Amino acid sequence: MAAPFELSDDSVVVIIGTGAGGGVLANELAQKGVSVVSLEAGGRYLPEDYINDEWESFGQLAWLDARTTSGDWRVANDFSGLPAWIVKAVGGTTTHWAGASLRFQDHEWKAATTYGPVQGANLLDWPIDPREMDDYYTKAENKLGVTRTGDRAGLPGNNNYKVFEAGAKALGYEEVSTGRMAINSASNDDRAACQQTGFCFQGCKWGAKWSAAYTDIPRGEATGNLEVRERAHVLKIEHDDSGKVTGVLYADADGNQHLQKARIVCVAGNSIESPRLLLNSASNMFPEGLANSSGQVGRNYMRHMTGSVYAVFDKPVKMWRGTTMAGIIQDEARHDPSRGFVGGYELETLALGLPFMAAFLDPGGWGREFTTALDSYENMAGMWIVGEDMPQETNRITLNHDVKDQYGLPAPNVHFDDHPNDVAMRNHAYKQGMAVYEAVGATRVFPTPPYPSTHNLGTNRMSENSRDGVVNKHGQTHDIANLFISDGSQFTTGAAENPTLTIVALAIRQADFIAAEMGKNNI
Amino acid sequence: MTSRNTKLTRRQLLSRSAAAGAAFVVGAGYVAGSSAAWAMNVEHVQPTTMATLIQMARDIYPHDHVADEFYAAAVKGYDSADAAPMIEAGIAALDAAARGKGYASYIEAGWERDRVDILRGLENSTFFQTIRGGLVTGLYNQKAVWPLFGYEGESFSKGGYIDRGFDDINWI
Ligand SMILES: Cc1cc2nc3c(=O)[nH]c(=O)nc-3n(C[C@H](O)[C@H](O)[C@H](O)COP(=O)(O)OP(=O)(O)OC[C@H]3O[C@@H](n4cnc5c(N)ncnc54)[C@H](O)[C@@H]3O)c2cc1C
Ligand code: SF4
């Protein structure tokens, strides 16, 4: 039930993007009776449309608009036009995500204070007290149906997990489990239980995994207060002489441009498109882009310290069967500088199908060293490493005026150099990950380089002071009261945990704030 | 795509063909396996060029349990008017490099080791990288290849693995 709002209706909240941040915010506001127009660049795909084939699904869902890369990260060499793996579809990257749903550890909200000065890092404390988040985290866990929270049971472990767990225990790790997952272990919230099909990254055809595409979006629409316009690509945010934003210019599926008026604009296009949109909206009044008086728009791009470890055994594992991310080791998530780096990391099982394994195991690799690894595909187990990376001012999204997208707008360039802390942490994690598998008889191990970024964070960061960041503790831009950032680009620091639960909790919290401020006529 | 050769007997095929390396035979407008197990028509590139390209594909991603016809299928798309000049030039350069090392041509270098040595010398060329990059999907994204690696593909149509062995590991 779409609620059609007029283009000229300047009482609506316009939300750009319908992923973890934008999709949840849209529903939360609609439930409170606020009129919302969501503009989503991608089309609408539901479980019956998802394709359980890695490359075909990628072609169906991935964001493939022009992007460029620079910096010393290997992605710039191996996948120069694909810095990030992000979805363009209603529901955003929550169609692709694996579902790992972890809260930040308390100290991670205060990275600058906890870690002290780290040379070259632009560390800052979040302007949020961890206790303020407790209730929002609980709401987010209930919304997503996260296992091992509330009274929800954990998922059963698959083959890949069993190898991982045995190795972890042999090494003496204690915090090993099938994790907290936004995947139903029993049917819940009108969605089925996980059938262990093994294509979580391609969209869950059972709907067992939470995605905004088939939960928050249709529920928001059912209120009559939310209209989702799909294949509506926002090009520019407009403002008036007083510096308030007034609406957005977007292109529809046929390339025709429209101006949607707005009382409030919330940007949730993920951490590459969100700052790009602010930069592309530069005007005489805001020559450096919207909300950019700090100069921090696009800076402090974080992607988590990542990498993978695959291992071959003398007997079959068949890791592709069952949940893609089937378990976690949390012992290394603590902050313990005696390991040679600040912050911590998680180890999480991961399985790729043969086509993706060929592309990502050792990009560019060839010859027998490479092919003998794939010959043992059936006997392979795998894990992914995800840890806190350091925000650096020079890691940033800029406009590349030499490369244009399909609308003639400058493409984003994504520049990333590893910080020495990231490198030290990755090397530690590789060593530990390989030890896990060697402890249970691996005959060969592969410390695999990072893939294109799946966690994109920090490019419109939250700060107490307007000089240090782009938004305040509510995601409201310091410069423009009716302009909000509602996605992972708000992150002040990245923490060790997968980000989506926190993105969702912040969106629920932001909806409370926006509705209250609207009620008071403050915005 | 390649087709199982049903029309010609091995003897008939060989009588009309010339050997290209140990693995292939070529004739007017086609490349075939020496065993006559498969044959592929070519329209735009020379049959010997295609045979060399198939050998090159195998040398880049050698899997001894994957038959030549899958490598042939992986590079078949280069037999087009658009791609042919690039392929002919690339293979000519490969053969020139082989002659520089004392072989009659790339495909006549008998040991994989020797051919890989020739490839290493061209590793940074656009031609090599185009062929290698294309093979990542051209070879490994062939559904017919997946079972050779044990990979089972989609499972939704069979109800997932919940009752079909998602946790059937028995040695850990
Ligand atoms: C393979 C994979 C696995 C993952 N696994 C996990 C996991 O286990 N746990 C976890 O916490 N996280 C995981 N993630 C990350 C998670 O998906 C993201 O952190 C999260 O979805 C980000 O939310 P977002 O709102 O910032 O952006 P997105 O969810 O990416 O949504 C952004 C939306 O905005 C739209 N958009 C962008 N620009 C415009 C524009 N100009 N106009 C209109 N629309 C626009 C996009 O099309 C998109 O739909 C995974 C990601 C991937 C790719
Ligand atoms: S393994 Fe479970 S969560 Fe993942 S796609 Fe299959 S049914 Fe969905």
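Nothing in this text is a laboratory measurement; each read-out follows from the coordinates by a stated rule. Small disclaimer: the values here were computed from a predicted structure and weren't measured. With ideal geometry, Cβ positions are generated from the backbone for all residues, glycine too; neighbour counts draw on all protein chains shown.
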Across A:350-362, the residue-averaged tally of Cβ atoms belonging to other chains within 10 Å stands at 4
For segment A:77-151, what does the alpha-carbon gyration tensor say about shape, rounded, prolate or oblate, given a ≥ b ≥ c as the root eigenvalues, a/c under 1.5 as rounded, and a/b over b/c as prolate? oblate
Under a plain spin-label model, where a point goes 7 Å from the Cα along Cα-to-Cβ, how far apart in nm are A:ALA516 and A:HIS107? 3.1 nm
To make sure I understand, if each residue's beta carbon is the centre and we count other beta carbons within 10 Å, what order do A:LEU350, A:LEU29 fall in, fewest to most? A:LEU350, A:LEU29
Hypothetical label at A:GLU175: residues of segment A:478-496 whose amide nitrogen lies under 14 Å (7 Å Cα-Cβ projection): A:495-496
Once you have a ≥ b ≥ c as the square roots of the Cα gyration tensor eigenvalues for segment A:360-461, tell me rounded if a/c is under 1.5, and otherwise prolate or oblate according to whether a/b is larger than b/c. oblate
Taking Cα atoms only, helix A:270-280 is inclined relative to the longest principal axis of chain A by an angle, in degrees rounded to 10, of 30 degrees
Once you list every other residue whose beta carbon is under 10 Å from the beta carbon of A:TRP384, what net charge do they have if Lys and Arg are +1 and Asp and Glu are -1? -2
A:LYS110: which lysines have alpha carbons under 21 Å from its alpha carbon, excluding same-chain residues fewer than 8 sequence positions away? A:LYS473
Distance between modelled label sites at A:ASP241 and A:SER11, nm, 7 Å Cα→Cβ extension: 2.7 nm
With the dipole of the protein assembly as shown defined by +1 on each Lys or Arg Cβ and -1 on each Asp or Glu Cβ, the option from A:VAL234, B:SER157, A:PHE341 whose Cα lies farthest towards the positive pole is B:SER157
Which of A:MET425, A:MET518, A:MET357, A:MET181 has the fewest Cβ neighbours within 10 Å, and the rest in rising order: A:MET518, A:MET357, A:MET425, A:MET181
Taking the beta-carbon count within 10 Å as an exposure proxy, list A:TRP109, B:TRP38 from fewest neighbours to most. B:TRP38, A:TRP109
Give me a single rounded figure for A:371-383: the average over its residues of other chain Cβ atoms within 10 Å of their Cβ. 3
What angle, in degrees between 0 and 90 and rounded to the nearest 10, separates the Cα long axis of helix B:112-122 from the longest principal axis of the Cα atoms of chain B? 80 degrees
Segment B:26-172: proportion of alpha-carbon pairs further apart than 18 angstrom, %: 62 percent
Nearest-0.05 FRET efficiency for A:GLN257 and A:ALA222 at R0 = 30 Å, using Cβ-Cβ distance, is 0.50
Size of electric dipole in segment B:25-172: Cβ of Lys, Arg +1 and of Asp, Glu -1, about Cα centre, debye, nearest 20: 220 debye
With the dipole of segment B:37-172 defined by +1 on each Lys or Arg Cβ and -1 on each Asp or Glu Cβ, the option from B:PHE128, B:ALA67, B:ASN170 whose Cα lies farthest towards the positive pole is B:PHE128
Near the amide H of B:VAL145, under 5 Å away, which other amide H atoms are found, from residues 5 or more places off or on another chain, if H is placed in the peptide plane? none
Quick one: putting +1 on the C-beta of Lys and Arg, -1 on the C-beta of Asp and Glu, what dipole do you get for segment A:13-519 around its Cα centre, in Debye to the nearest 20? 380 debye
List the lysines whose Cα lies under 24 Å from the Cα of A:LYS205, skipping any in the same chain that are fewer than 8 positions away. A:LYS88, A:LYS143, A:LYS318, B:LYS143, B:LYS158
Over segment A:394-523: Kirkwood hydrodynamic radius from C-alpha pairwise inverse distances, Å: 18.0 Å
Quickly estimate the mean residue ellipticity at 222 nm for the protein assembly as shown, helices only: each DSSP H run with n ≥ 4 gives -39500 (n - 2.57), and the total goes over all residues, rounded to 500. -8500 deg cm²/dmol
Total charge of the residues flanking A:ALA282 in space, meaning their Cβ is under 10 Å from its Cβ, with Lys and Arg +1 and Asp and Glu -1, is 0
What nm distance separates the two modelled labels at B:HIS65 and B:MET86, each placed 7 Å from Cα along Cα→Cβ? 3.3 nm
Exercise: per-residue mean of other protein chain Cβ atoms within 10 Å, A:317-327: 4
Once a ≥ b ≥ c are taken as the square roots of the eigenvalues of the Cα gyration tensor of the protein assembly as shown, is the result rounded (a/c under 1.5), prolate (a/b larger than b/c) or oblate (a/b not larger than b/c)? prolate
What is the helix-to-structure angle for A:130-144, meaning the angle in degrees between its Cα long axis and the longest Cα principal axis of chain A, kept from 0 to 90 and rounded to the nearest 10? 80 degrees
Just name one of A:GLY494, A:THR371, A:SER274: the one whose Cα is farthest towards the positive end of the charge dipole of chain A (beta-carbon charges, Lys/Arg +1, Asp/Glu -1). A:THR371
Post the alpha-carbon centroid distance, segment A:130-200 to segment A:343-372, in whole angstrom. 24 Å
